[in-house]
Amino acid sequence: MEVKVQGSKTPVELSDATFAVDFREPLVHQVVVSYLAGARAGTKAQKTRSEVSGGGSKPWRQKGTGRARAGTIRSPLWRSGGRAFAAKPRDHSVKVNRKMYRGALRSILSELLRQERLHVVKSFDVKTAKTKDALAAVQKLVKSDDALIIGEQISENLYLAVRNLPRVDVRDTEALDPVTLLTHEHVVITVDALRRIEEWLA
């Protein structure tokens, strides 16, 4: 499979095993859910009735007062009492094996290519760390301000230039993930990054 490189007359050859596979929605959904679940901190914590302070003595005697019996002022029914079903720190991660993860990335990249949302360039960089220069460069390529830029290495100027653009993001090949690929309308990728991803997903 040959793909046109913007700004160059020579097309680039891509592997059908990586960029011409069917879109497997259930697999992509499973991998995205796993990725998002793994990003959750899971640090929420609440106290049970045994963990809140106070409540050492019975607030009033068992019988004869006309009030409901109570053994502690730290019951979940009381104000400032413990939580009945207290949340505790836990791991939300969902296991997905490497073969499934790479298969999902192949599906996403192939679908982006079919929808003409994947744009291949020889290189992408800016001379100065100015936001307007980065935005102009992106809009010149994809006619939009919603894009993900993927390079084998990201220069400091490019990183600084796009960090104030809410719908433009940059990633190197090591930080690529399925959620970021699906979030943006267009994906701009350099030839070097394309080769690196192709080698990784082969």
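What follows is calculated from the coordinates using simple rules that are stated; it is not laboratory data. Please read these numbers as outputs of a predicted model, since none were measured by experiment. Glycine also receives a Cβ, built like all others from the backbone with ideal geometry; neighbour counts cover every protein chain displayed.
Loop-only check: which chymotrypsin sites (Phe, Trp or Tyr not before Pro) in the stretch 1-50 are DSSP coil with at most 16 other Cβ within 10 angstrom?
Values: sites: F19, F23, Y35; in loops: F23.
Within the stretch 1-50, the qualifying chymotrypsin sites (Phe, Trp or Tyr not before Pro) (loop, at most 16 other Cβ atoms within 10 Å) are F23.
Which value in nm describes the separation of the simple spin-label points at Q62 and R83, placed 7 Å from the Cα toward the beta carbon?
For Q62 paired with R83, the spin-label model returns 3.3 nm.
With everything on Cα atoms, drop me the angle between helix 25-38 and the longest principal axis of the chain, reported from 0 to 90° to the nearest 10.
Value to nearest ten degrees: 50.
Using the basic label-point model (7 angstrom from Cα toward the beta carbon), what is the E25 to R40 distance in nanometres?
2.4
Put +1 on the Cβ of each Lys and Arg and -1 on the Cβ of each Asp and Glu in the chain; which of S80, T18, S57 then has its Cα farthest toward the positive end of the dipole?
Highest projection toward the positive end goes to S57.
How high is the FRET efficiency between Q139 and A202 when r is their beta carbon distance and R₀ equals 30 Å, given to the nearest 0.05? Can you show the working numbers first?
Numbers: r = 33 Å, r/R0 = 1.11.
It comes out at approximately 0.35.
Run down the aspartates and glutamates and flag those whose C-alpha is under 13 Å from the C-alpha of K88, throwing out any fewer than 8 positions away in its chain.
E51
Quick one: Cα centre-to-centre distance for the stretch 1-25 and the stretch 146-202, in angstrom?
Measuring centre to centre over Cα atoms gives 17 Å.
R0 = 35 Å: FRET efficiency of D192 with D91, Cβ-based, nearest 0.05? Walk me through the numbers before you get to the answer.
On the way: r = 36 Å, r/R0 = 1.04.
About 0.45, to the nearest 0.05.
If each of V33 and I73 carries a label point 7 Å out from its Cα toward its Cβ, how far apart are those two points in nm?
According to this spin-label approximation, the distance is 4.7 nm.
Straight-line reach from K130: which aspartates and glutamates have Cα under 13 Å away, leaving out those fewer than 8 places along the same chain?
By straight Cα distance, K130 reaches E156.
What is the extension gain from Y159 to M1, computed as 0.36 nm multiplied by their sequence separation minus the C-alpha to C-alpha distance, in nm to one decimal?
Values: separation 158, 0.36 × 158 = 56.88 nm, distance 3.16 nm.
Roughly 53.7 nm would be gained on extension.
Normalised by the residues of the stretch 45-88, what does the relative contact order come to in percent, with Cα pairs under 8 Å and at least six apart?
On the way: 60 pairs, mean separation 22.4, N = 44.
Computed over the stretch 45-88, the figure is 51 percent.
Need the C-alpha centroid separation for the stretch 109-127 versus the stretch 64-86, integer Å.
Here the two parts' Cα centres lie 62 Å apart.
Here are a few candidate values for Kirkwood radius over Cα pairs in Å: [x] 17.3; [y] 18.6; [z] 20.8. Which one was actually calculated from the structure I just gave you?
[z]
Once the piece of chain linking R114 and T183 is laid out straight, how much longer is it, given 0.36 nm per residue of separation minus the C-alpha distance between them? Write out the running numbers ahead of the final one.
Numbers: separation 69, 0.36 × 69 = 24.84 nm, distance 1.67 nm.
Between R114 and T183, full extension yields an extra 23.2 nm.
Near K132, which lysines are there with a Cα under 26 Å away, not counting those fewer than 8 places off in the same chain?
K122, K140, K143
Between D172 and K130, what is 0.36 nm times their sequence separation minus the Cα-Cα distance? Round to one decimal in nm. Walk me through the numbers on the way to the answer.
On the way: separation 42, 0.36 × 42 = 15.12 nm, distance 1.98 nm.
In short, 13.1 nm is gained.
How many percent of DSSP beta bridges within the chain run antiparallel, rounded to 5? Display every interim value, and only then the final one.
Working: 2 of 17 bridges.
Around 10 percent antiparallel, to the nearest 5.
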